[in-house]
1. Where the only charges are on Cβ atoms (+1 Lys, Arg; -1 Asp, Glu), what is the dipole of the chain about its Cα centre, to the nearest 20 debye?
2. Assign one of three labels to segment 284-357, namely rounded, prolate or oblate, based on the Cα gyration tensor with a ≥ b ≥ c the square roots of its eigenvalues; rounded applies when a/c is under 1.5, prolate when it is not and a/b is larger than b/c, and oblate otherwise.
3. As I understand it, the dipole of the chain uses +1 on the Cβ of Lys and Arg and -1 on the Cβ of Asp and Glu, about the Cα centre. Which of Val91, Pro73, Tyr38 lies farthest toward its positive end?
4. So which residue, out of Phe308, Phe240, Phe147, gets the largest mean-square fluctuation from a GNM of the chain using Cα contacts under 10 Å as springs?
5. Charges on Cβ only, +1 for Lys and Arg, -1 for Asp and Glu, centred on the Cα centroid of the chain; of Tyr181, Ser197, Ala347, which one is farthest towards the dipole's positive end?
6. Contact order normalised by length for segment 153-306, with contacts defined as Cα pairs under 8 Å and 6 or more residues apart; what percent is it?
7. If amide hydrogens are placed 1.01 Å from N in the peptide plane, which non-local residues have theirs closer than 5 Å to the one on Val53?
8. For a footprinting-style exposure proxy, rank Trp245, Trp154 by other Cβ within 10 Å, fewest first.
Amino acid sequence: MKFVASTAQPAANLAGREPGGLTTFGPDVRVAVVGYGYWGSKHMRVLSSMPGVQVTIVDEDPERIAEARRSYPQAESALHLGEVLGRVDAVVVATPPAAHAQVALQALRQGRHALVEKPLATTVADAQEMVDAAATNGVHLMAGHTFEYNAAVWKLKEIIDSGELGRVLYIDAARLSLGKYQRDCNVIWDLAPHDISIATFLLGEVPRSTWVWAKRHVGHRHADVAYLRLDFEKAATHAFVHVSWLDPCKERRVTVVGERKMVVYNDMSDNERIRVYDIGVDPTDPDDHGESHAMPVSYRTGDIVSPFIQFNEPLLVQDSHFIDCIRTGAKPNTPGERGLDIVRVLAATDVAEATGRPAFVAGSSAPSAAELVREVAS
Ligand SMILES: NC(=O)c1ccc[n+]([C@@H]2O[C@H](COP(=O)([O-])OP(=O)(O)OC[C@H]3O[C@@H](n4cnc5c(N)ncnc54)[C@H](O)[C@@H]3O)[C@@H](O)[C@H]2O)c1
C-alpha cells in the first residue's frame, strides 16, 4: 500500500464547502482513461504523474493505442473498456461527447467511479440516467468542469462574493479561436459548457432561461458561431456568452461588470489572469444642472489591480480531487448533478436555437402564466 500527499486544492473552497483533498492517504487507485485523443492524453499525463495512481489507456482506434504505448510503455492498454474494466476502480471518460453516456454507464453499472468530460452527456435523459446509475451503485460520478478547479475562477468568485464590485450588472464571456470543428456537436455544446459552468459557479445558481443566436458558416453539420444569453433569476442579471470556431483571434475571457467596479479574467494571460478595474459609470440628472445638453452619466476612474494568484494546472487539481474523492468517499465538488444542470441548460439552447425564442431550462422553477404569455407574444 502506498501513501500519497495530493496537491489538489478543492474547487469548493470558495463556495463554502468543506475543504479537503490536501493530504489524503490511501491505497493505489487504478484508473482507465477512455479516449486517448487531444484531451485524454492530457488526463493521462496528469494522472500518471500522481503517486499511487495506476493508469490504463483505452481507445478504440489502434493508431491512438500505438501512440499511447510509445509514450507510456509501462501502462496497460486496450481497444475496449470491457477488456480492462474488471481490473480498474475508476474511469475517466474523454471520448467525444456522443459516447460519454454509453462508456460511463458501462463503468457505473459495474460499480466503477467515473469522471466524465464536459458536456456530461448529449441529452438530459442520458445525463439523468448516469446520475441515477451512480447513486444506485454507490459510486462517484464527477463532471469534468475544469474551470471550477481553476484558481483564477475562484479568485473571481471571491471578488464577487466580497461585494467589492457591488451588484453584478452583467457577465460577458468570449471563447473564440480558429477552433477544432466537432463531428458530433455544435459550437455551443463544445465550448459553452465551460462558460455556463463558470457563470453558474460565480453566481451560485443555474440560469432559468436562455436565448440563442447561432449560425453555421462553414460545412453542412453544426453551427460554428453562437451568442447566448443566460438569464439568472436570483442574481437578477444576465451572462452573455460568445463562442466561435471561426475567429482569427484566440480569446478566453470573462468580464464581470459590477455597479462599483469591473473585473476581467483573461485566461490567455500568464501572469495577470485577473484585473480589477476601479472604474464605473453613475447616472446624472441633467435637470439638476439646468443643462439639457449635459451628459446623462458621469464616469469614475481609478486603479487597475491584478491580484496574485497561486496557480496550479486546473486539470491536475481536478483529477487529484477525483482521486481524493475515491480514497476518502467525499462527494466531488462537481458531482454528476452539476453536469446534469449544465446539460439542461445546453438542451434549452437547442430549443431556443430551433424556435428563435427564449427557452426555459428544465428543472428550473416553473414559469408563471404571465411569463408564458409574454414568451408566446415575443
Ligand atoms: N475540459 C476541457 O477543457 C476540455 C478540453 C478539450 C476537450 N474536452 C472534452 O474531452 C473530450 C474529448 O475531446 P478530444 O478533443 O480529446 O477528442 P478527440 O477526438 O481528440 O479524442 C477522442 C478519442 O476517443 C476515442 N474514442 C471514441 N469513442 C470511443 C469509445 N467508445 N471507446 C474508446 N475510445 C473511443 C477516439 O478514437 C479518439 O482517440 C470531449 O468530451 C471534449 O468535450 C474537454
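Where a number appears in this text, it was derived from the coordinates with a stated rule and is not lab data. Not measured: the values here are computed from a predicted model. Virtual Cβ from ideal backbone geometry, glycine too; neighbours counted across all protein chains shown.
1. Numbers: 38 positive and 48 negative charges, 187 e Å.
In total the dipole reaches around 900 debye.
2. On the way: a/c = 4.43, a/b = 1.75, b/c = 2.53.
It is oblate, given that a/c is not under 1.5 and a/b is not larger than b/c.
3. Value: Pro73.
4. Of Phe308, Phe240, Phe147, the most mobile in the Gaussian network model is Phe308.
5. Tyr181
6. Values: 325 pairs, mean separation 38.9, N = 154.
After rounding, I find 25 percent.
7. Val29
8. Details: Trp245 24, Trp154 21.
Final ranking by Cβ density, sparse to dense: Trp154, Trp245.
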